[in-house]
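Peer 1: I am attaching a structure below and will ask some questions about it afterwards.
The values are calculated or read from the model by the stated rules, or taken from the named source; none is laboratory data. Everything numeric in this text was worked out from a predicted model, so none of it was measured. Please note: Cβ atoms are built from the backbone with ideal geometry, for glycine as well, and neighbour counts cover all protein chains shown. Accessible surface is based on the protein model in full, side chains and every heavy atom, while ligands, DNA and RNA are left aside. Shrake-Rupley method; radii C 1.70, N 1.55, O 1.52, S 1.80 Å.
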Amino acid sequence: MDDTEHQQQFVLQLTECQNRIYAYIFSMLGDHARASDVLQETNLVLWQRVKDWSLGAPFLPWAFAIARFQVLANTRDRSRERCLLDSDLIETLSQDVAAESSRLEETRVALRECLTKLTEQNRGMIQLRYEHGKSIVSIAEKLQRSEEAVKVALLRIRRNLHACVTKQMTLDAAE
Amino acid sequence: MSSDDTLDKLNSLLLAHQEGRLSESEAKELYSILKSDPAARRRYAELQVLETALHLELMAGGTVIQSTATQADFKPSRTRQWKRWMAVSAMLAIVASTLWILKFSKPDDAGSLVIKDQERHLESVAILADALNAEWGEGIKPAAGSELAPGKYVLQKGSVMIDFHSSARMYIEGPSVIQIQSAFCVHLDEGRVRAHVPEQARGFVVSTDRLKVIDLGTEFSVQSTNSNSTVQVFRGDVQLQKADGSPLPGGNQTLSAGKGLSVDTQGNFQHIEALPLESDTFDRIQKKFGQHAQQQFQAWQKRRADWLKRPDVIAYYDFQKRDGQENQLPDHVSSQSSADGAIVGAEWTTGRWTGKTALEFKRPGDRVRINISGRMDRMTLAAWIRVDSLDNRLQGLLLTDGYVEGRPHWQITSDGSLRLGIRLPDLNGRLNSSGYGTPSLFTKDRMGVWTFVSTVYDSAEKTVKHYVDGVIVSEHTLVFDQPLTIGPADIGNWGAPFDYQQQPIRNFNGRIDELIILNSASTAEDIVDLYQSGKQ
């Protein structure tokens, strides 16, 4: 096997899969800063183990397996902080999270469509939350509404987006 | 739970977690839902991936690595824009993913969180390990040894050392204003901090209005004024971002040892050299705290000598362990040998400073037995104590045996008040007692904090006064003026009357490192003086 070709393919696969690997990690940790760190660690380990991956073999399942290991290590190291999932749950959820993460790009395409269907008001709130990273308290202040109202609104928007995206992905797949 | 309900429940729990508000019981609820219901697991995965998608779609700047799925074709194609990557060495992929992360990272939730008002945060995330001439401004005024919850802290003067639960250690020089956001994150409004972050706390963040510094296992300082923010790295590396999480101009976001960066209000960045290690080392700051403790201990030793010369000192227990005398607590003053304390169970430990020892009272039987004879019309009891918990109905500081007329009980109640109880002469054969107590003093904030307590009994003036840290907290009129006797007594516990069916547990839970008994009524000035010369 040509070493250069192997390396090049590895690079291609790694960069192609970044977002999906990130989705897997974030789904387990629920924290973007931590997920970024663990992604970096995962990338390093993947590179260190490049020889374990054969040209033409499925890349994502292998990457997910390494990512899971790093997530478990991170959860163990941060045991003092309350983690979203403990190691037990991480193992239990691994399959579902892997399956869903591998569909990240489909989700994004569907989401783009669904975002256009949001009302102006809801779109604004989503932007505050995701584009500007504002907390509920902060959004409430900005929009001059109660925290409870903001929380309820966010939950409702997320629920509706979930429904829309699920439906949209079914439609997309059929085409 | 119906499928819709499960989804709503998960949605709600995940939102709570993002806000940093997921409670213990909610975490348990999440656990049981996910553990038991396969459908719930699928919903969870969907919600989290959707969350990732929202994050990717809307984050300012998006990602460096554009997925080929921007066209609705999900199969990677070799002939597309990835061709340029094929020529790149594998190490560049690591660099690329690092850049991707840096551009991708947004301020973590804590970083963009508005500080909530104090009542909401019950959980502490750090300890105020040490304070040197610290003066606090508006808001919380923590004492050395107390637990710190997330919130704003205004240090007007002096220096403090904070140990975060993440194991990061931070030195702050006043005047400074900080906002502690979690065990891993501090926002510096203004002033100067120095962080020492061991490997276990990697990822610790110090942010200012202009800059975000992410630790990679280092020692660094951050300074923030009205006109600029400066970061200097002394050991290791840090990652830098703008305050909003977007990358700095110029590409490389990592700062290594010996380097620094300054940002002004216009957003102009300037690379600088960090001050040489010697002029601002972690060790030097640590030494400053150590020297201060040493000075305090030496000053205490000198004071102790002065105290022993006073004529009104009935007993003075210095709680210093001496070789060959491990189970004795001599009183150094009285000619009565019975005034010497016999230690039962209580163990030697550290006191207010290095070099100063204390006795720790923990088990129900722990005590120091003493016997001091003599009647006193006036009495002052003063001690340096550290209450660790209030488990019993009453925590004895100095309790005379049994419940005898004219023999005092000096103690702390379960609701944290300092109390002097005295049995009065029986009238008509009925047991009468009087108790003089302060409002609740030993609250959660005071657990683990060295405190100076003193009580002054004056039968001539007919008053009982309680002082805490040199300040009077309550004054009472005596119900019945009688002289007091100590006789056989326990420090830190109670020898209950023989006719009690069950021995109630009255042991002190904490440490004592100095106890003075005077047969005079100390003035307020005396008490302040005593406090000032003994505080940390």
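Peer 1: Take the conditions over 21 Å from B:G487 (Cα atoms) and modelled with pLDDT of 90 or more and apply them to B:S414. Does it pass?
Peer 2: So B:S414 does not fit the description; no.
Peer 1: Something else: Within segment A:127-144, can you find the residues that are aliphatic (A, V, I, L, M), within 7 Å of chain B (Cβ to nearest Cβ) and either closer than 15 Å to B:E51 by Cα or buried (at least 19 other Cβ atoms within 10 Å of the Cβ) (or both)?
Peer 2: A:I136
Peer 1: So which residues in segment A:20-60 are of a type in the set (A, V, I, L, M) and in contact (Cβ under 8 Å) with a residue 40 or more places away in the chain, if there are any at all?
Peer 2: Answer for segment A:20-60, where residues must be of a type in the set (A, V, I, L, M) and in contact (Cβ under 8 Å) with a residue 40 or more places away in the chain: A:I21, A:A23, A:I25, A:M28, A:L29, A:V50, A:L55, A:L60.
Peer 1: Out of all the residues in segment B:376-413, which are closer than 30 Å to B:W353 by Cβ, outside any strand (DSSP E or B) and either open to solvent by 50 Å² or more (accessible area, probe 1.4 Å) or out of contact with any Lys or Arg (no Cβ under 9 Å at 6 or more places or on another chain) (or both)?
Peer 2: If the condition is that a residue be closer than 30 Å to B:W353 by Cβ, outside any strand (DSSP E or B) and either open to solvent by 50 Å² or more (accessible area, probe 1.4 Å) or out of contact with any Lys or Arg (no Cβ under 9 Å at 6 or more places or on another chain) (or both), then B:D388, B:S389, B:L390, B:D391 are the ones that fit.
Peer 1: Another question about this same structure. A:A163 - would you say it is exposed (fewer than 14 other Cβ atoms within 10 Å of the Cβ) and within 10 Å of chain B (Cβ to nearest Cβ)?
Peer 2: yes
Peer 1: Of the residues in segment B:429-479, how many are open to solvent by 20 Å² or more (accessible area, probe 1.4 Å) and of a type in the set (S, T, Y)?
Peer 2: Of the residues in segment B:429-479, 5 are open to solvent by 20 Å² or more (accessible area, probe 1.4 Å) and of a type in the set (S, T, Y).
Peer 1: Restricting attention to segment B:503-525, which residues are of a type in the set (D, E, K, R) and closer than 16 Å to B:W300 by Cα?
Peer 2: B:D513, B:E514, listed by residue number.
Peer 1: Let me ask something additional. State the number of residues belonging to segment B:219-236 that are over 24 Å from B:G174 (Cα atoms) and over 28 Å from the mean Cα position of the chain (by Cα).
Peer 2: Within segment B:219-236, residues that are over 24 Å from B:G174 (Cα atoms) and over 28 Å from the mean Cα position of the chain (by Cα) number 0.
Peer 1: Looking only at segment A:94-105, which residues are more than 13 Å from A:Y22 (Cβ to Cβ) and either modelled with pLDDT under 90 or not in a helix (DSSP H, G or I) (or both)?
Peer 2: Residue satisfying the conditions is A:R103 alone.
Peer 1: Also: Does segment B:174-183 contain at least one residue that is farther than 23 Å from B:V263 by Cα and either within 19 Å of the chain's Cα centre (by Cα) or open to solvent by 10 Å² or more (accessible area, probe 1.4 Å) (or both)?
Peer 2: Taking every residue of segment B:174-183 in turn, at least one turns out to be farther than 23 Å from B:V263 by Cα and either within 19 Å of the chain's Cα centre (by Cα) or open to solvent by 10 Å² or more (accessible area, probe 1.4 Å) (or both).
Peer 1: Inspect all residues belonging to segment B:396-405 and state whether any of them is within 19 Å of B:G448 (Cα to Cα) and among the hydroxyl-bearing types (S, T, Y).
Peer 2: There is no residue in segment B:396-405 that is within 19 Å of B:G448 (Cα to Cα) and among the hydroxyl-bearing types (S, T, Y).
Peer 1: Would segment A:99-113 turn up any residue that is open to solvent by less than 40 Å² (accessible area, probe 1.4 Å), without any contact (Cβ under 8 Å) to a residue 24 or more places away in the chain and either closer than 24 Å to B:P198 by Cβ or among the hydrophobic types (A, V, I, L, M, F, W, C) (or both)?
Peer 2: no
Peer 1: Something else now. Scanning segment B:299-313 for residues that are hydrophobic (A, V, I, L, M, F, W, C) and open to solvent by 40 Å² or more (accessible area, probe 1.4 Å), which turns out farthest from B:I491 (Cα to Cα)?
Peer 2: Step by step, filter segment B:299-313, then rank; the result is B:A299.
Peer 1: With the checklist (1) closer than 25 Å to A:A35 by Cβ; (2) crowded, with 23+ Cβ neighbours inside 10 Å in hand, flag the one item B:S167 doesn't pass.
Peer 2: B:S167 satisfies every listed condition except (2).
Peer 1: I want to confirm something. Restricting to segment B:285-303 and keeping residues that are touching a residue at least 60 places away in the same chain (Cβ under 8 Å) and of a type in the set (D, E, K, R), which single residue is nearest to B:H332 (Cα to Cα)?
Peer 2: Taking the candidates together, the pick is B:R303.
Peer 1: Against the definition (of a type outside the set (S, T, Y), within 10 Å of chain B (Cβ to nearest Cβ) and either out of contact with any strand residue (DSSP E or B) (no Cβ under 8 Å at 6 or more places or on another chain) or open to solvent by 20 Å² or more (accessible area, probe 1.4 Å) (or both)), how does A:L14 come out, yes or no?
Peer 2: When the stated conditions are applied, A:L14 passes them.
Peer 1: Could you say whether any residue in segment A:94-116 is closer than 20 Å to A:Q13 by Cα, in contact with a helix residue (DSSP H, G or I) (Cβ under 8 Å, 6 or more places away or on another chain) and more than 8 Å from every other protein chain (Cβ to nearest Cβ)?
Peer 2: yes
Peer 1: Further question: Name every residue in segment B:22-54 that is open to solvent by 10 Å² or more (accessible area, probe 1.4 Å) and more than 9 Å from chain A (Cβ to nearest Cβ), in order of residue number.
Peer 2: B:S23, B:S25, B:E26, B:K28, B:E29, B:S32, B:I33, B:S36, B:D37, B:A39
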